[in-house]
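The values are calculated or read from the model by the stated rules, or taken from the named source; none is laboratory data. From a predicted model like this one, the values you see are computed outputs, not experimental measurements. All Cβ positions, even for glycine, are placed from backbone atoms using ideal geometry, and neighbour counts span all protein chains on display.
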Amino acid sequence: MFNWLDALVAWLVYDTIGLDATTHWGQALHFFFYDSVKILLLLFLITFLMGIVNAYFPIDRIRSFLSRNKLYGGEYVMASTFGAITPFCSCSSVPLFIGFVKGGIPLGVTFAFLITSPLVNEVALAMFVGMFGLKATLIYAVSGILLGTVGGYVLGRLKMEPLLTDWVQGVMRQAHMEEAYEEEKLTFLQRLPGVGREAWGIVKGVLPYVLIGIAIGAAMHGFIPTGFFEKYISKDNPLAVPLAVILGVPMYSNAAGVLPIIQVLVQKGIPIGTAIAFMMAVVGLSIPEAMLLKKVMSWKMIAIFFGTVAFFIILSGYLFNIIL
Amino acid sequence: MKTIKVLGTGCAKCKTTIAHAEEAVKQSGVDAQVIKVEDIQEIMKYNILTTPALVLDEVVMIKGRVPSVEEIAAMLR
């Protein structure tokens, strides 16, 4: 799919700039240009496609749907899937949480949405396709949605309502069914300019992270010998996955910044499952996220939430190592 | 006088929205004040799910994205 780009970048770096393909600098620069252009193209394409889906399933409509329909367990899968298609911004997680609770949506279902939203989103998917291919992306998306579903269900069973802050409990007591969502009457073509603007906005927003991530990745690609990490984190080490997750939880980065580095770690010998588990821990859970959630829940509840999600990330890490 | 409220818990996007709103007021010359609302309980009274949100005279106009200066100026007129 990207052979033309490979040739173009090779011509630029090796022939025009005149760097040798066997040198560290040559390899690093080739990697940087090739990956930047490829990722940006994919990023815009996938953000645009997701934007179209999103124009028909805006968050208000999703809430209204989940609030009005009881699906005998299916609501966990729905909430998690919706979490995947909705663009994620960590600054919205608290309003979302309250909004869902207010609509009478059970806590577990709300958690299902909240877990999947940062893990699977347009930026993560675009970069995943660019770096690991379609098959790995599909497995990643499906397991992310599964993780949210199972995690949400388990958290829902724990009956943690008393651990919410008082005013959230008050909101919960006054919860009421949402009104039916009224769709804006716009044709497909009328929606396109808005979708394009949104997509460009998202790409522009993550651009600096992508470029910094790829630059670090490129430096590692050019200067760290292949198989370097294998000496330290081998596939046979059963503790590698939990360690990677525990290391990743406090850190915060979005998928855009962390994925280029993950790709290089994999190339240099870290098993893909371990690397993905690390990435999920970095993007899904973080200290800033915990601080935001403190406004709606007690520390105990945050600890249970983080612990449960981290546990399932570790499980998926082992699973990825077996199947990928 | 018109009142613009920018709802958001202090993230980068919310700060950009406030800057855009202030610029729009200046450019359009409309008599309006920009208020920043950071208290989550206050924010939730507007029944929004995504921030930043922009409220003009108690009506939610924008939610979940940063509006451009021109867009806000057009609303004010």
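Just a few scattered comments:
- Condition check for A:A175: surrounded by fewer than 19 Cβ atoms within 10 Å (Cβ to Cβ), in contact with a Gly (Cβ under 7 Å, 6 or more places away or on another chain) and closer than 17 Å to A:L66 by Cα: yes
- Selection from the stretch A:61-74 of residues that are modelled with pLDDT of 85 or more and either touching a helix residue (DSSP H, G or I) at 6+ places or on another chain (Cβ under 8 Å) or within 14 Å of chain B (Cβ to nearest Cβ) (or both): A:R61, A:I62, A:R63, A:S64, A:F65, A:L66, A:S67
- Candidate set from the stretch A:159-203 (those that are among the aliphatic types (A, V, I, L, M) and touching a Ser or Thr at 6+ places or on another chain (Cβ under 8 Å)); member that is farthest from A:F312 (Cα to Cα): A:A180
- Of A:D60, A:D6, all but one fail to be in contact (Cβ under 8 Å) with a residue 12 or more places away in the chain, part of a helix (DSSP H, G or I), within 19 Å of A:E198 (Cα to Cα) and charged (D, E, K, R); the exception is A:D60.
- Number of positions in the stretch A:294-314 that are buried (at least 17 other Cβ atoms within 10 Å of the Cβ) and under 18 Å from the mean Cα position of the chain (by Cα): 8
- Looking only at residues in the stretch B:2-57 that are on the phi > 0 side of the Ramachandran plot and over 11 Å from the mean Cα position of the chain (by Cα), the one that is farthest from the other protein chains (Cβ to nearest Cβ) is B:G29.
- When the helices (runs of 4 or more DSSP H) confined to the stretch A:87-162 are screened for residues that are closer than 20 Å to A:M50 by Cα and in contact (Cβ under 8 Å) with a residue 12 or more places away in the chain, those reaching at least 3 such residues are found at A:107-119, A:122-157.
- Scope the stretch B:1-41; condition among the polar types (S, T, N, Q), outside any helix (DSSP H, G or I) and surrounded by 15 or more Cβ atoms within 10 Å (Cβ to Cβ); matching residues: B:T9
- Any hit, the stretch A:142-151, residues being surrounded by 12 or more Cβ atoms within 10 Å (Cβ to Cβ) and closer than 16 Å to A:V101 by Cα: no
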